[in-house]
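Scroll down for the structure; my scribbles are underneath it.
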Amino acid sequence: MSIEESSYPPQFRHHSLHLQDAQLQPSSSSSSLGPDIAVGTDDSVTDPIPIIDLQLIDRERLQEACRSWGLFRLVNHGVPLTILTEIQELAARLFSLPFDTKKELLGSPLSYFWGTPVLTPSGAALGLGVGVGPGKINWVEGLNAPLGKLPQLKTEDPLLSSLRSCLQQYGAHLGRIATSLFHVMSQDLNLQPKAQSGCYISESTGFVRVYRYPHYPLEISNLGMDAHTDSSLLTILCQDDVGGLEVIRGGEWIPVRPTPGTLVINLGDMMQAISDDEYKSAIHRVKINEHKDRISIGYFVFPGEDAVIQGSNYRPFKYSEFQEQVQKDVKTLGFKVGLERFKIIQ
Ligand SMILES: O=C(O)CCC(=O)C(=O)O
Ligand SMILES: [Fe+2]
């Protein structure tokens, strides 16, 4: 087993394991779905994703992005490029450690998971399907880091302490970005500054997920993360140059090309509910690259625990109830039903 191979969770040690699967299934043509490498591509021509400048927010453009895409690219966000680069490098080093080392190293308040992005509130993987190979489980491994608990992390490991300090700096920027964007969105939506008894955005709920999507040489399925909407209020993504993130618009999957130094803002289910369906929770997915592992970092922020969400389309609920329902559905049905559970049937 090569060093690279030993760093993958056992289910992901693919080359020999999945040969049989590959022979059994028709290979899907990936010519139009090829690797999404932005380097050298002309994004202004090929990428229709709306761009928002955080220093000079064009309110109309933001409104249009939130209403019709649920996703946009953020420039001029004020996060130093050095932090983005450092976090990507540290993550790549961390994921290349042997699987058993990662399991041991990434203990509370962090957690290490693979095969699913659905975690319990304490960070354990939930709903890991049976079977191996992309298409059967999500082809992703990750580190979950609740930002508020990072000071509790006791470690002597130099890589982990560098990552912690980098995540703390990055987390502070992300909180600032999410809060300023939400402020403008609330004005557009004429929201009261406070939810019924609490805040719609609570920075203390923020957590970061660092993901690695192992490359996969066989064309069984090319999905690293299945199509989904995020349960968050807002999600902020920083992807490396490999690409693979896609968002649905008008029934079509549109690649969100990696553009160095920019961040991707994704509206989640809580934003859609708070806006009473004016804004969209973006349906997105991640494709695996055939040749390169992909690393991305996601930040997720939620309403405060007392915030009651309601509208003409939704019965009153708190985020905690939503989260419990999602966990229950994933356990019993195998998938998230999401906002439909809280809609008022007209
Ligand atoms: O890896 C990415 O770019 C997206 C991850 C994602 O969609 C999620 O964590 O919900
Ligand atoms: Fe997502």
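Laboratory data are not the source of any read-out in this text; all were calculated from the coordinates shown. Here the structure is a predicted model, which means the values were calculated and not measured. Because the Cβ atoms are built from the backbone with ideal geometry, glycine has one as well, and the counts that use them run over all protein chains shown.
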Residue-span extension gain [LYS149 to ARG93] - 0.36 nm each, minus C-alpha spacing: 17.9 nm
Placed amide H near ILE52: partners under 5 Å, 5+ positions off or other chain: ARG73, LEU74, VAL75
Other-chain or far-sequence residues with amide H under 5 Å of VAL301's (modelled H): LEU233, LEU234
Inter-label distance, nm, simple model (7 Å from Cα along the C-beta direction), GLU5/LEU333: 4.0
Pairs beyond 22 Å (Cα-Cα), from LYS149/LYS292; LYS149/LYS280; LYS103/LYS149; LYS102/LYS154; LYS102/LYS331; LYS280/LYS343: LYS149/LYS292; LYS149/LYS280; LYS102/LYS331
Length released on extending from LYS343 to ASP100, taking residue separation times 0.36 nm less the Cα-Cα span: 83.1 nm
Low-density loop cleavage sites - trypsin sites (Lys or Arg not before Pro) in segment 162-247, where at most 15 other Cβ are within 10 Å (DSSP): LYS194
Global geometry of the chain, whether rounded, prolate or oblate, following the gyration tensor of its Cα atoms and the 1.5 cut on a/c: rounded
Note, ³J(HN,Hα) from phi for segment 102-113, Karplus 6.51, -1.76, 1.60, rounded to Hz, x at Gly and Pro: 4, 4, 6, 5, 8, x, 3, x, 8, 8, 10, 9
Expected 222 nm ellipticity per residue - DSSP helices of 4 or more, -39500 (n - 2.57), all of the chain, to 500: -8500 deg cm²/dmol
Amide H partners (placed H, <5 Å) of ALA195, local residues excluded: TYR200
Per-residue HN-Hα couplings for segment 279-289 [Karplus 6.51, -1.76, 1.60; θ = phi - 60°; Hz; x = Gly/Pro]: 9, 10, 7, 6, 8, 9, 8, 10, 9, 7, 8
For segment 264-274, 3J(HN,Hα) per residue [Karplus equation, 6.51 cos²θ - 1.76 cosθ + 1.60, θ = phi - 60°, Hz, x = Gly/Pro]: 10, 9, 10, 7, x, 4, 5, 5, 4, 5, 4
